[in-house]
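Down below is the structure, laid out as structure tokens.
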Amino acid sequence: MHEEAVLRDLRRKILEVARAESDRPIVRVRLWVGALSHLTPVTLRARWPEVVADSPARDGTLEVEVSGDPLHPDALAVRIVDVTVVDPPPAEARGH
């Protein structure tokens, strides 16, 4: 259950970033995973296509950094560190 909630929240945050970036394609998402989050890079990568299906991140890659520090204040958390979107086309290419 915890895993599903984290993945739903991850999708929601990715969609928020996409909207803020005019729905340009997302090419990379970097996550930080706390040592006590009970999520592994293998699990996250396996579920990634499902999480980003029908979203601007559907062709993007997932990078996962796992903390080894169970005493870190965010040891239970999964955080988005960075979202990389495709640069917008130059103004002249858009007809401006």
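Length gain on complete extension for the stretch Ala5 to Val27, per 0.36 nm per residue less the alpha carbon to alpha carbon distance?
Taking 0.36 nm per residue and subtracting the Cα distance, the gain is 5.6 nm.
When the expected Rg is taken as 2.2 N^0.38 Å, what fraction or multiple of it is the alpha-carbon Rg of the range 1-63?
1.08
Which percent, nearest 5, of DSSP beta bridges in the chain are antiparallel?
55 percent
The numbers here are math on the coordinates, done by the rules we state, and not lab data. These numbers come from a predicted model, not from an experiment.
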